[in-house]
Amino acid sequence: MLAREFLGVSAIFASEAMQRLISLVERVAATNATILITGESGAGKEIVARAIHHYSLRCAKSWVDLNCAALPENLLESELFGHEKGAFSGADSSKPGLFELANHGTLFLDEIGDLDPRMQVKLLRVLDGASYYRVGGVKKISVDVRLVAATNQDLKVAVREGRFRSDLYHRLAQIPVCVPPLRDRQDDIVPLALHYLAQQNSDLVFSRAVLEKLSGYDWPGNVRQLRNVVMRASVFAAGSEITVADLPEEFTDSAFSSGLHRLSALSELERTAIMAALEASRGHQQKAADKLGISKRTLQRKVRAYGMVAELAG
């Protein structure tokens, strides 16, 4: 089993598949090639991206990351390329973009498949070495940035359907890296569960029956779902041992093999995990988000999506 820390985030790789993947990452990280990381949502694409920067020749330089789906188009352009004072309403001062902040380092763009066509063109030009302007700027800016991108979409399908530029896809995928889903690396399940439990509450242990349940589940939400299950179980455990009764309903339901059931159960699990995190943090948004391993913005969006009534602190 490999245990590593990448940019302050711990990673556990027990399965052969993930150990091979990290060996590949160590080799390709030393190049300046653009890397496209693919895989299902929650499989661990960001930790692989962090590993690429960790093992790269740029490891002493900046690491900058952005979720492309988290911002509307007009704000995304400003975030990536910066803006000058007065460029738009609210631009009270000049601001460097993430490309500038990542100069000589690594820029990680998650959910790259959600870029709109206009931004795809601008990104392609920068990747091809062209200088660019800040929004509202008149001075060209050149940067030396190693780009790592990730997506849970099939970009080849998006290219065929005209939603993603073929030239940008091939530019991003100079070296493709695929993160396997958790169900295909069963040897990672228990070590990851033990790791998350130690982070959450080192005084608790899993019963043997719980470990068997966790190992036998197919994890449609991947590592993110596993982390949330462990967090929820540790919050609701009555004693010093986590039992099957402390697990979400889908782990005791004999019908959980149904795909629709799994998706429904996953949504309910996520809602329950959010409620537990908010309760444990007494409604403090940032603390709850940290417990769940998501951003404060994502937490707020999910609270609204689930129609949850909560008095959130700050």
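Structural remarks
- If you go through the range 278-308 and keep only what is of a type in the set (D, E, K, R) and either under 19 Å from the mean Cα position of the chain (by Cα) or not in a helix (DSSP H, G or I) (or both), you end up with ARG282, LYS287, ASP290, LYS291, LYS296, ARG297, ARG301, LYS302.
- Of the residues making up the range 1-26, those that are under 23 Å from SER62 (Cβ atoms) and free of Cβ contacts under 8 Å to residues at least 24 places away in the same chain are GLU5, GLY8.
- Yes/no for LEU182 being touching a residue at least 40 places away in the same chain (Cβ under 8 Å) and in contact with a helix residue (DSSP H, G or I) (Cβ under 6 Å, 6 or more places away or on another chain): yes
- VAL64 meets each of the listed conditions (1) under 26 Å from ARG227 (Cα atoms); (2) modelled with pLDDT under 95 apart from (2).
- In the range 154-170, the residues that are assigned by TED's automatic domain parsing to the domain that holds ASP128 form Cβ pairs under 7 Å with partners that are of a type in the set (Val, Ile, Thr) and surrounded by 13 or more Cβ atoms within 10 Å (Cβ to Cβ), at six or more places apart or across chains, as follows: SER166/VAL159; TYR169/VAL159.
- Helices (runs of 4 or more DSSP H) lying entirely in the range 119-228 (those with 1 or more residues that are surrounded by 16 or more Cβ atoms within 10 Å (Cβ to Cβ) and among the hydroxyl-bearing types (Ser, Thr, Tyr)): 166-172, 189-200
- Filter result (within 22 Å of the chain's Cα centre (by Cα), within 22 Å of GLU111 (Cβ to Cβ) and not in a helix (DSSP H, G or I)) within the range 57-90: SER62, TRP63, VAL64, ASP65, LEU66, ASN67, LEU71, PRO72
- Checking the range 273-291 against the condition returns no match, with no residue being among the polar types (S, T, N, Q), modelled with pLDDT under 75 and more than 24 Å from ARG208 (Cα to Cα).
The values are calculated or read from the model by the stated rules, or taken from the named source; none is laboratory data. Note that this is a predicted model, so its numbers are computed, not measured. Glycine also receives a Cβ, built like all others from the backbone with ideal geometry; neighbour counts cover every protein chain displayed.
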